[in-house]
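First comes the structure, then the notes that go with it.
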Amino acid sequence: MTTLRAALTGGIATGKSFCLAEFAAAGVPVVDADRLARDVVAPGTPGLAAVAARFGAGAIGPDGAVDRPVLARLIFGDARARRDLEAIVHPGVYRAIERWYAELGDRGEPLGIADIPLLYETGREVDFDIVIVASCPPEMQVERLMARNGLTREEARLRLAAQMPIGEKTERADHVIDTSGTHEETRAQAARVLRELRVEN
C-alpha cells in the first residue's frame, strides 16, 4: 500500500500543533518538522557546528545547545541570516521526513501527516500528495504570539513578516482548518479533514 503523504502547514501561531495533536489522537502517524530541526542542530552534530560558525559562539547557550531566543533575534528581520540558517537546517529535516515516510510505507500505513511550518516558503509542497493549512486572521496570530512567547507587538509582526502571508497559503491548500474559533470547532474541522483524507486514500 502506498502511504498518502499529507503536509500540515500554516503560519506561526495559527494552531498547527493543536491540529497535529488531533490527528495523532485519531491514530494517524505524525511527525513535527520543528522537532526534527532541533535534532539537526543538537549538541555534537555538524548542524550545531555550522550554526556556531555562521552566527558566532553567542548563538550557543552554556549547555552547549542552540540558544533559540538569541538565534531568533538574529534571524527575524534579517532575510540573509534567516536563509543561511534554513540552508543549514532544512536539508537534514527533509531527509528525515523522507526516511519517516519510507518506514511508514514498509509498515503498510495508509496515511502520514508531517507538520512543516515553512512548506510553501521552501517550495517543497510538490513532495506531498495533500496540503492542509491551519489558518487564523493575522491579527490573531500576533495576539497569540505575544501571549505565548512574551513578544512585543513589533517583534510578533516581524516574525509574521518573515513568512508567506497566511491568505496565500490558504489559497493554495487542498484543505483548510480555520482555528479562529473554539477548540471544539477546530477539532470538528480536523476530524472532517481526516475523514476526507481517508476517503481519498
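The values are calculated or read from the model by the stated rules, or taken from the named source; none is laboratory data. Being a predicted model, the structure only gives us computed values, none of them experimental. With ideal geometry, Cβ positions are generated from the backbone for all residues, glycine too; neighbour counts draw on all protein chains shown.
For segment 26-42, taking the residues that are of a type outside the set (A, V, I, L, M) and under 17 Å from H90 (Cα atoms), the one that is farthest from the chain's Cα centre (by Cα) is identified as D39.
What number of residues in segment 26-41 are assigned to a loop (DSSP other than H, G, I, E, B) and either in contact (Cβ under 8 Å) with a residue 60 or more places away in the chain or loosely packed, with under 13 Cβ neighbours inside 10 Å (or both)? Step through it out loud before you land on a result.
Within segment 26-41, the first condition is being assigned to a loop (DSSP other than H, G, I, E, B), and the residues that meet it are 26-29, 41.
Filter once more, so that each one left must be either in contact (Cβ under 8 Å) with a residue 60 or more places away in the chain or loosely packed, with under 13 Cβ neighbours inside 10 Å (or both): 26-29.
Of the residues in segment 26-41, 4 are assigned to a loop (DSSP other than H, G, I, E, B) and either in contact (Cβ under 8 Å) with a residue 60 or more places away in the chain or loosely packed, with under 13 Cβ neighbours inside 10 Å (or both).
Out of curiosity, is V70 in contact with a Phe, Trp or Tyr (Cβ under 9 Å, 6 or more places away or on another chain) and either in a helix (DSSP H, G or I) or of a type outside the set (V, I, T) (or both)? Let's see the steps before the verdict.
Working: in contact with a Phe, Trp or Tyr (Cβ under 9 Å, 6 or more places away or on another chain): yes; either in a helix (DSSP H, G or I) or of a type outside the set (V, I, T) (or both): yes.
The answer is yes for V70.
Taking every residue in segment 173-201 that is closer than 15 Å to L111 by Cα and pairing it with any residue that is among the small types (G, A, S) and part of a loop (DSSP other than H, G, I, E, B), at least 6 positions away or on another chain, the pairs with Cβ-Cβ distances below 7 Å are L194/A26.
Within segment 74-91, the set of residues being part of a helix (DSSP H, G or I) and loosely packed, with under 15 Cβ neighbours inside 10 Å comprises A79, R80, R83, A87, P91.
Of the helices (runs of 4 or more DSSP H) contained entirely in segment 121-201, those carrying at least 1 residues that are closer than 14 Å to K16 by Cα and not hydroxyl-bearing (S, T, Y) fall at 138-149, 166-172, 183-200. Here Y94 passes the criteria (1) in a helix (DSSP H, G or I); (2) under 30 Å from E139 (Cβ atoms); (3) out of contact with any strand residue (DSSP E or B) (no Cβ under 7 Å at 6 or more places or on another chain) except the one numbered (2). Exactly one residue out of V142, V131 is under 24 Å from H90 (Cβ atoms), buried (at least 18 other Cβ atoms within 10 Å of the Cβ), touching a Leu at 6+ places or on another chain (Cβ under 8 Å) and at pLDDT 95 or above, and it is V131. Suppose the filter is closer than 17 Å to R38 by Cα, in a helix (DSSP H, G or I) and among the hydrophobic types (A, V, I, L, M, F, W, C); does L104 pass it? Judged against the criteria, L104 is not a match.
Tell me, which residue of segment 114-128 that is among the aliphatic types (A, V, I, L, M) and within 13 Å of the chain's Cα centre (by Cα) is surrounded by the most Cβ atoms within 10 Å (Cβ to Cβ)? Write out each step before concluding.
The first filter runs over segment 114-128 and keeps only residues among the aliphatic types (A, V, I, L, M), leaving 114, 116, 118-119, 126.
The next check asks that each one be within 13 Å of the chain's Cα centre (by Cα); those that pass are 114, 116, 118-119.
Numbers: A114: 26, I116: 28, L118: 22, L119: 25.
Checking each candidate, the answer is I116.
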